[in-house]
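Quick one: structure below, then a few questions.
The values are calculated or read from the model by the stated rules, or taken from the named source; none is laboratory data. This structure is a prediction, so every number in the text was calculated from the model and none was measured. As a convention, Cβ positions derive from the backbone with ideal geometry for all residues, glycine included, and neighbour counts pool all protein chains shown.
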Amino acid sequence: MTVLDRIHQHRSIREYKPDPVPDALLTEILAAGIRASSSGNMQTYSIIVTRDRALREQLYIPHMKQNMALDAPVLLTFCADFHRMRHWLKLNDAPDNFDNFMSFMVAAIDAILVSQNVVMAAESKGLGICYMGSTLANCDEIGRILQLPPNVVPVVGFSLGYPAEDPAPSDRLPLAGLVHNETYHDYSDECIRDIYRERDVKGWQRYMSAPRLRQMIEESGVENLAQVYTTVKYTRESHQAFSKKVIDYLASQDFMN
Ligand SMILES: Cc1cc2nc3c(=O)[nH]c(=O)nc-3n(C[C@H](O)[C@H](O)[C@H](O)COP(=O)(O)O)c2cc1C
């Protein structure tokens, strides 16, 4: 299969076989992952591999009790990490300029680029993944369980293992609605309706086909997909609370000076 075919076949996997991921295969995938570009080639990230069942049971809680945290044989947590780099600076009597928000963003971008490279490598080997947004939302609790030192913050993470389901690829907004030629061209109401026309139908069907989400949607009385996103899934209160948690954790991890 070509790289492009593989990319087009991506779908998140939320159900896994219990089969372990062999060490040699995981090492091969991670070694490919770290070929990603990084800012100044500083590689300011760390990848935490969690296989231990007891640890995964602890992580299951801040991962919002998503079954894949328990069912997948491996959890990977990609952290923004200036701890290692700052230690090296100190050993070399170099000034330390990396205890600020800019440094966090640099490290977070590095971590995210590596994570998606690992996804591509894993999928090319027949493994499946599903990102968990809870990694950032509950970065403080996850950081404590993973014993992260200062200057290390979980940014993205995913379950990894052999798929026990074969879902169809999910829809994407049309390319023309996402790409701007030369400069940004703002959208008319009509454009927005066109871009979201298929999503409005398919996204709604997707949520209504999951029994737990269907129940939440019916109980909330929302009438369309847009309302599902901001009345049920991502409320103002939850987004504000998670924002505060992330900002406080960045400060406590010495990234906000
Ligand atoms: C940063 C990030 C966080 C995500 N968090 C979750 C999650 O917590 N639970 C989940 O089931 N899927 C999660 N997903 C998966 C998305 O729902 C999924 O990628 C999207 O619906 C598109 O589907 P696809 O990956 O199958 O193409 C996340 C994806 C990303 C990129």
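I'd like the full set of residues that are in a helix (DSSP H, G or I) and either among the β-branched types (Val, Ile, Thr) or on the phi > 0 side of the Ramachandran plot (or both), limited to region 226-238.
Matches in region 226-238: Val228, Thr230, Thr231, Val232.
Let me confirm something: among Val179, Val246, Val201, Val222, which residue is aliphatic (A, V, I, L, M) and touching a residue at least 12 places away in the same chain (Cβ under 8 Å)?
Going through Val179, Val246, Val201, Val222 in turn, just one is aliphatic (A, V, I, L, M) and touching a residue at least 12 places away in the same chain (Cβ under 8 Å): Val246.
Right, next: Quick one: in region 61-72, of everything that is in contact (Cβ under 8 Å) with a residue 60 or more places away in the chain and surrounded by fewer than 19 Cβ atoms within 10 Å (Cβ to Cβ), which residue is nearest to Ile145 (Cα to Cα)?
In the first step, residues of region 61-72 are kept if they are in contact (Cβ under 8 Å) with a residue 60 or more places away in the chain; the result is 61-64, 66, 68-69, 71-72.
Cutting the leftovers down to surrounded by fewer than 19 Cβ atoms within 10 Å (Cβ to Cβ) gives us 61, 64, 66, 71.
Details: Ile61: 11, Met64: 14, Gln66: 17, Asp71: 19 Å.
The qualifying residue nearest to Ile145 (Cα to Cα) is Ile61.
Residues in region 177-193: is at least one within 27 Å of Glu237 (Cα to Cα) and outside the structural domain of Lys65 (by TED's automatic domain parsing)?
Filtering region 177-193 down to residues within 27 Å of Glu237 (Cα to Cα) leaves 192.
With outside the structural domain of Lys65 (by TED's automatic domain parsing) added as a condition, the list becomes 192.
Looking for residues that are within 27 Å of Glu237 (Cα to Cα) and outside the structural domain of Lys65 (by TED's automatic domain parsing), one finds at least one in region 177-193, hence yes.
Just the residues that are away from the ligand (no atom under 12 Å from the Cβ), crowded, with 19+ Cβ neighbours inside 10 Å and hydroxyl-bearing (Ser, Thr, Tyr), please, taken from region 92-124.
Ser103
Tell me which residues, restricted to region 31-60, are in contact (Cβ under 8 Å) with a residue 40 or more places away in the chain, of a type outside the set (A, V, I, L, M, F, W, C) and assigned to a loop (DSSP other than H, G, I, E, B).
Passing the criteria: Arg35, Ser37, Ser38, Gln43, Thr44.
Something else now. Select from region 151-167 the residues that are hydrophobic (A, V, I, L, M, F, W, C) and assigned to a strand (DSSP E or B) and list them in ascending order.
Those that are hydrophobic (A, V, I, L, M, F, W, C) and assigned to a strand (DSSP E or B): Val152, Val153, Val155, Val156, Phe158, Leu160.
If you don't mind, there's one more thing I want to ask. Is region 125-134 home to any residue that is closer than 17 Å to Phe255 by Cβ, in the same structural domain as Ile48 (by TED's automatic domain parsing), within 9 Å of the ligand (Cβ to nearest atom) and in contact (Cβ under 8 Å) with a residue 60 or more places away in the chain?
no
Could you please find all residues in region 9-29 being within 16 Å of the ligand (Cβ to nearest atom), surrounded by 14 or more Cβ atoms within 10 Å (Cβ to Cβ) and in a loop (DSSP other than H, G, I, E, B)?
Answer for region 9-29, where residues must be within 16 Å of the ligand (Cβ to nearest atom), surrounded by 14 or more Cβ atoms within 10 Å (Cβ to Cβ) and in a loop (DSSP other than H, G, I, E, B): His10, Arg11, Ser12, Ile13, Arg14, Glu15.
Does Leu148 satisfy the criteria of being assigned to a loop (DSSP other than H, G, I, E, B), buried (at least 19 other Cβ atoms within 10 Å of the Cβ), at negative phi and in contact with a Pro (Cβ under 8 Å, 6 or more places away or on another chain)?
Yes.
Let me ask something else about it. Can you pull out every residue in region 152-167 that is near the ligand (Cβ under 9 Å from one of its atoms) and either surrounded by fewer than 17 Cβ atoms within 10 Å (Cβ to Cβ) or within 30 Å of Asp194 (Cα to Cα) (or both)?
Hit for region 152-167 is Pro167, nothing else.
Then there is this: If Arg172 passes every condition in (1) within 15 Å of the ligand (Cβ to nearest atom); (2) of a type in the set (Lys, Arg); (3) within 24 Å of Leu26 (Cβ to Cβ) but one, which one does it miss?
Of the numbered conditions (1) within 15 Å of the ligand (Cβ to nearest atom); (2) of a type in the set (Lys, Arg); (3) within 24 Å of Leu26 (Cβ to Cβ), the odd one out for Arg172 is (3).
Looking only at region 200-225, which residues are touching an Asp or Glu at 6+ places or on another chain (Cβ under 8 Å) and in a helix (DSSP H, G or I)?
Lys202, Gly203, Leu225
Please state which one of Ala94, Ala80, Ala108 is free of Cβ contacts under 8 Å to residues at least 60 places away in the same chain, of a type in the set (A, V, I, L, M, F, W, C) and not in a helix (DSSP H, G or I).
Checking each option against the conditions leaves just Ala94.
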